[in-house]
Amino acid sequence: MIDRTPLLSFHAVTRHYRGNRVAAVNGINLDVFRGEIVALIGESGSGKTSLLRLAAGLESPDGGEILLDGHVVAGETIAREVPPESRQLGLVFQDGALFPHLTVQRNVDYGLVVKDKKARADRVGACLELVGLAGKEKRFPHELSGGERQRLALARALAPEPKLLLLDEPFSHLDPALRRKLREEIRDILQRLGQTALLVTHDPEDALAIASRVVIIDRGNLMQTGTPAEVYRYPADQYCAERFGPANRVVDHASGEVTWKRPEDARWIPCDVANEGDPVIVESVREMGAIYEVRVAPGTQPGESWLCFLKDASGLHPGDHGRVAWRGTPERVAWKS
């Protein structure tokens, strides 16, 4: 359950690096609410990792302020920043950053400040049980699989019961099958705990699969924020659209409004069936397993090319004429008899 009270807030935060004319973070305003899993996504160098490092206290803002749990932890209004170790944060890095000379149990125990030995042992056991590593307490990180090492890094980050969990590209070095399995496990764990988390990723599937809200960053600017469905279906512009795969630029010939349509939303309509959608000419047809990739040239937008994913296009060939309409934008149809 998401509480609409901000746990982490960026107020007009900026960050410049020496030698770069463009700000890494350019006046960003963003709230992360309690219980929310927010994914920051953008190209390399977009500023998403800088934003996470600012939240962690690993870097300092050049302008604006950062609030955690309603208190300013960095910015122009306080004389001394709150150090990372005092922010009650959990950190999970790309490589896990585990201590190779410590056992699984001691890695998790490392960040605990509880003095009572039984309480510490109980907390370690609960965290290992949570991530599916119970029974592997005496192993060392090199004796674990890649997925197990990331689950151990998560257990270590969660052990002190942080207010906010920060994850920096936690799945990037895993193979696709393990990546998919692990992110589903981590999403379920975070949702079960009601843990607030900020995730940095360049992978659209990570963002769509895990996040309750997605924030798209470009050259230090916040371009769009919304639920996974919103940013996928209603991208603000081409940059936002292309973060999540191919998208077609569609111009309404009556209003001139530009929207971005996904290839799977295309419907092919033979010319002799209905006057719906836009007239097109087939440029190419390629069978891709369960679907066909069909590229068409719309007659209403000279110079444009649309990519369509169709279930059955075995009868289509380059040069064929037809019409393409888009699901979700119903038009008045004149059916032909």
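None of the figures in this text is laboratory data; all of them are computed from the coordinates on show. Owing to the predicted nature of the structure, the values given are computational and were not obtained by experimental measurement. With ideal geometry, Cβ positions are generated from the backbone for all residues, glycine too; neighbour counts draw on all protein chains shown.
Couple of notes before you dig in:
- Size of segment 107-226: Rg and Dmax of its alpha carbons, in Å, are 15.6, 49.
- Label-to-label distance, nm, for residues given as SER172 and ARG327 (7 Å Cα→Cβ offset): 3.4
- Choice from ARG295, ARG187, ARG286 with maximal GNM fluctuation in the chain (Cα, 10 Å cutoff): ARG286
- Solvent-free Debye calculation, one equal scatterer per alpha-carbon of segment 3-241: log10 I(q)/I(0) at 0.15, 0.16 Å⁻¹ equals -1.04, -1.16.
- In terms of packing, defined here as the mean over residues of other Cβ atoms within 10 angstrom, the peptides 13-19, 87-93, 197-203 line up highest first as 197-203, 87-93, 13-19.
- Applying 1/(1 + (r/R0)^6) with r as the Cβ-Cβ distance of HIS71 and SER305 and R0 = 56 angstrom yields a FRET efficiency of 0.60.
- Placing unit charges on the Cβ atoms only, positive for Lys and Arg and negative for Asp and Glu, gives the chain a dipole magnitude near 1000 debye about its Cα centre.
- If R0 equals 41 Å, the separation of the Cβ atoms of LEU102 and SER44 corresponds to a calculated FRET efficiency of about 0.80.
- Across the alpha-carbon atoms of segment 248-326, the computed radius of gyration and Dmax are 11.8, 38 angstrom.
- Full extension of the chain between LYS118 and VAL22 yields a length gain of 29.4 nm, computed as 0.36 nm times the residue separation minus the alpha carbon distance.
- Residue of ALA229, ALA79, ALA325 that the Gaussian network model of the chain assigns the largest fluctuation, springs spanning Cα pairs under 10 Å: ALA79
- Angle of helix 117-130 to the longest C-alpha principal axis of the chain, folded into 0 to 90 degrees and rounded to 10: 10°.
- Förster radius 41 Å - calculated FRET efficiency between VAL251 and SER314, Cβ distance, rounded to 0.05: 0.85
- Of SER60, SER9, the sequence from fewest to most neighbouring Cβ atoms within 10 angstrom is SER60, SER9.
- Summing Cβ point charges (Lys, Arg +1; Asp, Glu -1) relative to the Cα centre of segment 248-326 gives a dipole of roughly 140 debye.
- Packing-based order for 246-259, 214-227, using average beta carbon neighbours within 10 Å, highest first: 214-227, 246-259
- Candidates ILE281, ILE66, ILE210: whichever shows maximal mean-square fluctuation once the chain is modelled as a Gaussian network with Cα springs under 10 Å: ILE281
- Distances between placed amide hydrogens fall under 5 Å for SER284 paired with ARG295, all partners being 5 or more residues away or on another chain.
- Annotation: the antiparallel percentage among DSSP beta bridges lying fully within the chain is about 70.
- For the chain, the 222 nm mean residue ellipticity estimated from helices alone, with every DSSP H stretch of n ≥ 4 adding -39500 (n - 2.57) and the total spread over all residues, rounds to -6500 deg cm²/dmol.
- Shape analysis of segment 8-83 yields a ratio of the Cα radius of gyration to the Kirkwood radius, Rg/Rh, of 0.95.
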